[in-house]
Ligand code: NAD
């Protein structure tokens, strides 16, 4: 297949390299100067997209996605798939899909989970929204870049799944950290706290697989001085997307709202910028009820 790949950053770069390694012809474009093994660089997004069977975008946000879509859609061949793997707001995903469909393209919103490690190893999880035909065209490429792809529904459903998942993630990380902080103040040993909660009804991915307490549970960013991992500002971005979606869909999400406010405070005023999102635990350690 001939693949156009636009946005060759931390995630897009290794994803494009994996497609090239699997034998596809990959024509890439990024605003920054990059060099990706096996990928031929074009000098614009439109040039990378022209004549491709599938165009993949992996961009920072919905505003940039909308601008890139306006540039590349007229250059794309009818019947080609437009697969956006960025994490963006549901409204942008649906607006881009509408324009692509009007140009006889097959749009798929397919954000990912698995981080930079998963992008390099080809073990990402894709959550996809779009028609069955569009999903079928993109699915063999998801197999190369990832280990699992779930077709969640029509356009926007992939972004909806991603935003809901990450809202749970932000809320449970805060709950896990505040529980550790309370346990500390009650004199409970952290290892005992982990042993009980990880096998009781309070268990969660944040406790069992990504424990925010250093030296407890499996290896996690807490054991590496809270270097990300998944940066607090990216958690904040996703929580803000969840609140934007909740507002636009008129959904009541008080826990998501509280988590957004707390990560906002942490990133903007309390030194959280650039730390892993599990660094909420040292933040709570420094605080009292007030
Ligand atoms: P990144 O900043 O490393 O990469 C984005 C790339 O897009 C950059 O190289 C930038 O130069 C390029 N770009 C920006 N505007 C452009 C334009 N108009 N035309 C062409 N290229 C342009 O970011 P990333 O970490 O690769 O993340 C990309 C997306 O994946 C984001 O939406 C992010 O939320 C999502 N995501 C990231 C992770 C992660 O762990 N990094 C995990 C899951 C999802």
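Bear in mind these aren't lab numbers, they're just calculated from the coordinates by the rules spelled out. What you are looking at is a predicted structure, and each value in this text was computed from that prediction instead of being measured. As a convention, Cβ positions derive from the backbone with ideal geometry for all residues, glycine included, and neighbour counts pool all protein chains shown.
Values as computed for the structure displayed
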read-out: Residue with peak Gaussian network fluctuation, the chain [Cα springs, cutoff 10 Å], from 182, 106, 41; value: 182
read-out: Residue 21 versus residue 150: modelled label distance in nm, points set 7 Å from Cα along the beta carbon direction; value: 2.6 nm
read-out: Anisotropy class of segment 1-76 from Cα gyration tensor, a/c 1.5 cut; value: oblate
read-out: The chain: calculated mean residue ellipticity at 222 nm from DSSP helix runs of at least 4, using -39500 (n - 2.57); value: -15000 deg cm²/dmol
read-out: Cα-based equivalent ellipsoid, the chain: semi-axes from gyration tensor eigenvalues, Å; value: 38, 20, 16
read-out: Directionally averaged shadow of segment 211-269, computed from the convex hull of its alpha-carbon atoms, nm²; value: 4.7 nm²
read-out: Rg/Rg_globular for segment 65-153, with Rg_globular taken as 2.2 N^0.38 Å and Rg from C-alpha atoms; value: 1.05
read-out: Protection proxy ranking, peptides 49-62, 3-16, 217-230, average beta carbon neighbours within 10 Å, highest first; value: 3-16, 49-62, 217-230
read-out: Crossing angle, helix 157-185 versus the chain [Cα axis fit, 0-90 degrees, rounded to tens]; value: 20 degrees
read-out: Segment 160-286 - Rg (one decimal) and Dmax (whole number), Cα, Å; value: 14.3, 44
read-out: On Cα atoms only, tilt of 62-72 relative to the major axis of the chain in degrees; value: 10 degrees
read-out: Estimated FRET transfer efficiency when R0 is 45 angstrom, pair residue 208-residue 64 (beta carbons, to 0.05); value: 0.80
read-out: Rg and Dmax of segment 2-154, Cα atoms only, in Å; value: 13.4, 36
read-out: Value of relative contact order over segment 65-187, rounded to a whole percent, pairs C-alpha under 8 Å and six or more apart; value: 23 percent
read-out: Degrees separating the helix 12-21 axis from the principal Cα axis of the chain, which is the longest one; value: 50 degrees
read-out: Packing-based exposure ordering (other Cβ within 10 Å, fewest first) of 255, 173; value: 255, 173
read-out: Relative contact order computed over the chain (Cα-Cα under 8 Å; 6+ residues apart), in percent; value: 13 percent
